[in-house]
Each structure stands twice: as C-alpha cells, then as structure tokens.
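Accompanying notes for the structure given below.
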Amino acid sequence: MSDRESKREQFNEKPSAGKKLMAPVAVLFLAVFAVGGWFLFGSTSVGGPEIVSAGQDGKVRLAATDFNDGKAKFYRFKGESGPVDFFVVRSNDGVIRSAFDTCDVCYKALKGYRQEGNDMVCNNCDQRFKTDMINVVKGGCNPAPLKRQHAGENLVIAANDIKAGAWYFKGATN
C-alpha cells in the first residue's frame, strides 16, 4: 500500500466511540458549569432585581450610601397586585432619584432600562435619558417617576406609591 493510499484510509475510517462522545460531553459540561454558576452567585449577579418589602409603617427604606457609586440599583416590590419593578440611582448632580423600571410608552414590552454612564437607556426602544432628569421630566418615553424622600441616612419610598405603579406591569406582552 502506498503512502497516498495509507492516508486515504485514515480519512475513510469511522471515528472511534471516544471521539463521537467528545462534543456531547463538552456541551453537558458547559451546561452544568453555567447552571452551577447561577446557583453559586445567584440571579441578582446576572441582572435580577433585589426583592424589597415595606416595614410595618408601610415604607421601604434603602440606605442612601448604597447609591454613592452612581450605579442604578434595580428592585422588585411584591405587592398584592403582583410584582412592581423600580430603580434608584444617584445622578451626577448628587440627587438620589427613583423611577419605575418602565415608561408610559414601552411598558407593555416589560423590558425596563439599563444604565450606560450617566444615561438610563430603554431596553425596548433604545432611547436615552439623563439620570439628572429622572423625576423632573415626566411622560412619554421618560422613566415613570416614583416618589421618594431622602430622610437622614435612608431613601424612603411609601409602599402605596410603589403599588400605584402596578398597572405598568399587568397584562403586558413579553
């Protein structure tokens, strides 16, 4: 048998059982690794909102120092009418601002916002909104304002004000 015929034989041989199993085993390993990471680090590390609830006085209290880094923090309040998502961010002018994680236009998409620098960006229409205009400019595609009060070391939001925004998150298409 010539060298040429010998090489041709190698390519015509059927792969061994070990080679056949390599791809499915690799896929299984990656899947287990991904699921394990999710359980190890939790869903909030991949963008899930933090669950908050009201105290006996009907108010949600968040430490004001949590917002010193200027990064938006996302929260979910679970009320009788269902979950309500909102975010809180300290804007460049030093004011701590809060808004529902939606707007009057894109709320049915249930996609919310993401932060890019000093802007909150709608995940549905990609419109950008300066953080220092949250709670100032209302309506349309602007983040829907959520009343809040800076009281000492805390940002205080009344549970009733959060519940008032539940309609944004009802009957929406995903």
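Just a few scattered comments:
- Relative intensity, log₁₀ I(q)/I(0), of the range 59-110 from a Debye sum that treats every alpha carbon as a point, q = 0.17 Å⁻¹: -0.60
- Using every pair of separate Cα atoms, the Kirkwood estimate puts the hydrodynamic radius of the range 46-174 at 14.5 angstrom.
- Volume per residue for the range 79-152 equals 94 cubic angstrom (convex hull of Cα atoms).
- Debye log10 I(q)/I(0) for the range 125-174, one point scatterer per Cα, at q = 0.18, 0.19, 0.29 Å⁻¹: -0.77, -0.83, -1.15
- Taking Cβ atoms as reference points and 10 Å as the exclusive limit, the residues near Leu146 contribute a net charge of +1, counting Lys and Arg as +1 and Asp and Glu as -1.
- Derived scalar couplings ³J(HN,Hα) [the range 152-160; Karplus, 6.51 cos²θ - 1.76 cosθ + 1.60; whole Hz; x for Gly, Pro]: x, 8, 10, 9, 10, 10, 5, 4, 5
- Simple Cβ-charge dipole of the range 122-174, Lys/Arg +1 and Asp/Glu -1, about Cα centre, in debye nearest 20: 140 debye
FYI, it's all coordinate maths here, none of it is from the lab. A quick note: this is a predicted structure, and the numbers were derived from the prediction, not measured. With ideal geometry, Cβ positions are generated from the backbone for all residues, glycine too; neighbour counts draw on all protein chains shown.
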